[in-house]
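Heads up: the structure comes next, in structure tokens.
Read the figures in this text as sums done on the coordinates, not as results from a lab. All values reported here derive from a predicted model rather than from experimental measurement. Cβ placement follows ideal geometry from the backbone for every residue including glycine, while neighbour counts extend to all protein chains displayed.
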Amino acid sequence: MTTSAAVRYPMTGPASKMAAAVALAVWLAACGGGGGDSTPAAPATPAATTSPTAFSGPITGFGSIFVNGVRIDNSGAVNTLDDNPNAGADDLRLGMVVEVQGARDNDGPTGRATAIASRSFVQGPVASINSSGGSFVVLGVAITVAPSTVFDGHNSFSGLSGLAVNDIVEVHGLPDANGTSVKATRVERKSPGTEIRLTGIVRNAGASSFTINGITVQYTPAVLDNLPSGIANGGVVRVKGTQTGPTAITATRVRGTTLVPAVVQGQRAELEGVVTALRSATDFDLSGLRVTVPSTATVRGTPVVGARVEVKGTVSSGVLVAADVNVEDERQQANEANEIHANIVSIDRTAQIFSVNVGGLRVQWSSETVFDNATLPRGAGDLAVGMRLEVKGRTSGNIIIASRIKRDN
């Protein structure tokens, strides 16, 4: 496993060494009296203590970004999205799986990021759809959706029923150990002619081609990146190119990567992934990374192969020693799974919906939405363009169905 300061999971960048540049901000606040020199200054506020931490999981909220229940200040972060090192924070979207280098505050569910990276797992045409089974196939990858999956993009749609065979989609999600199936966290429909992307394990490697999940990749014209020994069977690569047939891609770039989280000895890590091997309830693999669960850990649920699990702990000798394990129930979405802190851009009072200035999102309210009496005493009647709000709710497509709304000062 390559040593890196950031967790590389599940589809995020090469297995090359990356320096850990974790900036720990120290805030000292000194309050002077308003009456002049005779009023002594208030004592400085102690700086919050932090721990260098790698986060990995889907974005569930904005106003900062929310990952694994932690609100992470991303105002000073460098963003790399789909290998573009000059991406902006405005390019981040709900449901994108990200890896974050940074620090976590020890006194609460907050932190700060120095670097954020995100890469879709597969992008290409839909080959088949199983509506009753909640799944579809793209370039040989079986993709399953859940109530929490975000749907967005070209000719926007709200779910699997809005997809059609040959639609081009970009999929973010949590893969199994072989990269042959993915639990989708975001499905975005793209316009025709969009670049093809595929991540997986190399099979049938030859001088000019190889296969991934039964898709033949011609790589003679491609730029090889992070592949010092070339293309080899068993290696994990990310392919970009054009589709030349139902099961054929001509690559423009092939980059070495990994499906397994790469972590640092002694580092704190907070990861969301899929159980890919199970030796016992206290010894399993999370997307290929071994996790052990001591008796002192807090555990919610029982891990089984294929389950979506969030683990928080510390890395020791290449193993994530868990302090907290949460097995998620994918059959239902928590009523307040998503949280945003954002400004209103426009309001449609007839449709009871407003747009906000982050993530391309809209918020739907209803008679069941609870408005904060102290800050919005007239409820929806107090909403105004430019107002900053805190919204908690759940997703439907790319809309937040609000359960609670309050002013955010």
Looking only at V391, V358, V165, which one moves most when the chain is put into a Gaussian network model with springs between Cα atoms under 10 Å? V165
Shape category assigned to segment 122-190 from the gyration tensor of Cα positions, a/c cut at 1.5: rounded
Length-normalised contact order of segment 338-407 in % [C-alpha pairs under 8 Å, at least 6 apart]: 38 percent
Antiparallel content of DSSP bridges confined to segment 122-190, in %, to 5: 75 percent
Determine, for E368, E188, E270, E336, the number of other Cβ atoms within 10 Å of each Cβ, and report the residues in order from fewest to most. E368, E336, E188, E270
Evaluated at q = 0.07, 0.13 Å⁻¹: base-10 log I(q)/I(0), Debye formula over Cα of the chain: -0.35, -1.15
Give me the count of lysine pairs in the chain whose alpha carbons sit under 23 angstrom apart, restricted to pairs 8 or more positions apart or on different chains. 6
Relative contact order %, the chain, counting alpha carbon pairs below 8 Å whose residues are six or more apart: 14 percent
Loop-located trypsin sites (Lys or Arg not before Pro) in segment 298-372 whose Cβ has at most 16 other Cβ within 10 Å (DSSP): R331, R349
Neighbour net charge for L278 - beta-carbon separation under 12 angstrom, K R +1, D E -1: 0
Could you give the dipole magnitude of segment 268-327 about its Cα centre, charging the beta-carbon of Lys and Arg +1 and that of Asp and Glu -1, in debye to the nearest 20? 60 debye
Could you check which residue among I399, I347, I65 shows the biggest mean-square fluctuation in a GNM of the chain with a 10 Å Cα cutoff? I347
Rounded to whole angstrom, the alpha-carbon centroid of segment 246-276 lies from that of segment 92-122 at a distance of 16 Å
